Amino acid sequence: MNEHADHLIIHAHLFTMQGEGVGYVADGAVAVAGSRIVAVGPTPELIVRFQATEILDATDCAVLPGLIDAHMHTPWAIARGVAQDVAHWMQKALAPYARYVSPEAALAGTKLNVLEALKAGTTTMVDYTRPVPGWAEFFVQVGVRGRLTPTINALPPGGMAGWRIGDLYPFDEAEGQRAIDEAMAFARAWHGAADGRITVMLGPQAPDMLPREQLLQVKRLAERGGLMIHMHVAQGDREIDQMLKRYGERTPAFLQKLGYLDSQLLAVHLTEATDEEAAMIARSGAGMALCSGSIGIIDGIVPPSYIFRQAGGYVALGSDQAAGNNCNNIFNEMKLTALFNKIKYRNPTIMPAWDVLRMATIEAAHAIGLGDQIGSLEVGKEADLIVVDLTALNLSPVLDTPVRNIVPNLVYAASGHEVRDVMVAGRFLMRNGRLLTADEAAVRVEAQAQAAAVARRVAADPVHREMALMQAMAAGQL
Ligand SMILES: [Zn+2]
């Protein structure tokens with residue numbers, strides 16, 4: 001007797017990401033019922049076994065798990081490309097913008113960024129930002145998987161604008177408590193929403209941005225609520241300088257004593273971590289979010305992800321923010337991650353294509369605490385998958401023998417625009433390159449209007465003259 005499936009995807013070059021490699025199945029098929037995968041295997045087997053409501057022919061396509069972006073700041077798409085190629089990126093480029101991004105502008109940026117990422121095959125977005133009305137609602141509307149992290153810091157009003165580099169900044173504990181309370185209220189409202197597609201993480205912005213007592217309070221709340229912590233760790237000389245001045249300790253040792261280093265932590269960046277510190281954090285069970293493009297552009301650093309993995313830790317890829325990166329595209333991150341590490345170690349065998357594809361899928365799923373639900377195509381997991389058109393000129397020819405060239409081309413040649421169909425939790429969000437759950441044109445028009453308004457407000461404030469890129473403007477370089 002035939003089993004029922006809502007969707008049967010057939011004749012694919014199937015990359016399940018099961019096992020230790022990419023789990024390739026020639027002429028592969030995936031059967032989906034409700035939100036879950038009910039079978040994975042050769043097409044001839046599954047078409048006999050299943051009666052499907054809809055059959056999707058994926059001939060000449062690769063089908064793989066939806067990509068995971070483990071660290072984003074979606075509102076910053078509203079300031080795409082205004083803060084790169086400078087020293088002191090946060091203080092000298094981004095800070096003057098921060099105060100003029102209204103909640104409406106932030107939401108317009110989020111919408112732009114979510115759709116950009118979705119069209120490039122990202123199905124799970126770990127987003128870190130100050131919550132604005134409509135943020136979680138947009139994730140629900142579009143149908144992507146969101147792991148949302150409201151910002152918690154105790155910085156005085158105005159944040160970093162006006163702070164002199166090298167000074168120890170004062171804490172505003174009332175602001176820290178307000179942010180903690182806001183994050184917990186957000187978690188109560190949204191953790192587990194939309195049939196579990198929306199989950200919440202707690203996000204102390206960085207160990208130097210919250211008093212020790214409030215860091216401990218966040219840790220207690222996370223443990224009690226079963227929530228992970230998503231935090232920038234050892235990012236930039238600013239943080240280490242603040243930690244040494246305030247506590248006389250570097251970040252990793254400080255966090256270890258504080259009880260922060262365990263599998264509930266997603267540690268972002270680790271740009272300043274030594275190899276020994278990175279290995280210590282990896283052995284604690286914490287996951288790492290590696291933002292190759294962003295950190296390459298804003299800091300000129302290749303973080304110690306290779307060491308982190310050698311020590312047994314899970315590394316996920318993140319696109320960070322479009323003010324500096326300047327795109328939120330995991331295909332781009334896979335390529336940069338492979339290249340940067342080969343260059344760093346002067347060794348072409350480091351981080352091969354199949355390996356970074358794992359960092360964008362199954363390894364990322366483990367790093368963000370969803371390894372039992374997503375990241376591979378296997379029975380019982382959520383049906384988050386993408387169909388990539390291999391007839392694109394830059395992905396042709398497709399060869400299977402004697403060498404199969406698909407994975408290297410997905411990592412080194414694809415741009416993300418070859419993603420044809422996207423499914424999350426058993427529901428198609430994009431078909432034939434067309435978004436089904438959001439109005440792409442309206443989102444772009446709104447983002448353009450909001451971005452122009454933000455830019456006008458920045459330009460009206462004399463502080464903007466101190467922005468590092470003003471010199472490049474004056475010199476005719478932009
Ligand atoms: Zn970040």
Isotropic mean projected area of the C-alpha convex hull, the chain (nm²):
22.4
Mind sorting 55, 37 by how few other Cβ atoms lie within 10 Å of their own Cβ, fewest first?
55, 37
How big is the range 235-336 by the Kirkwood estimate over distinct Cα pairs, in Å?
13.9
Computed [θ] at 222 nm, helices only, for the chain once each DSSP H run of length n ≥ 4 contributes -39500 (n - 2.57):
-11000 deg cm²/dmol
D_trans [Stokes-Einstein, Kirkwood Rh over alpha-carbon pairs] for the range 1-142, 20 °C, 1.002 mPa s, µm² s⁻¹
119
Which helices pass in the chain if a helix is a full DSSP H run, must span at least 27 angstrom along its long axis by Cα, and must have mean Kyte-Doolittle hydropathy not below 0.0?
440-460
In nm², what is the average projected area of the convex hull enclosing the Cα atoms of the range 130-285?
9.5
Neighbourhood charge, 14 Å Cβ-Cβ cut-off, centred on residue 96 and excluding it, Lys, Arg +1 and Asp, Glu -1
+3
What is the fewest-to-most order of 305, 376, 319 by other Cβ atoms lying within 10 Å of their Cβ?
376, 305, 319
Expected sort for 351, 280 with the fewest Cβ neighbours (10 Å cutoff) up front is 280, 351
Mean separation of Cα contacts under 8 Å (6+ apart) over length of the range 1-139, as relative contact order %
24
Let's see if you can work this out: charge +1 on each Lys and Arg Cβ, -1 on each Asp and Glu Cβ, no other charges. What is the dipole magnitude of the chain about its Cα centre, in debye to the nearest 20?
660
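Bear in mind that the values in this text are calculations on the coordinates, not laboratory data. A quick note: this is a predicted structure, and the numbers were derived from the prediction, not measured. Positions of Cβ are backbone-derived with ideal geometry, glycine not excepted, and every protein chain shown enters the neighbour counts.
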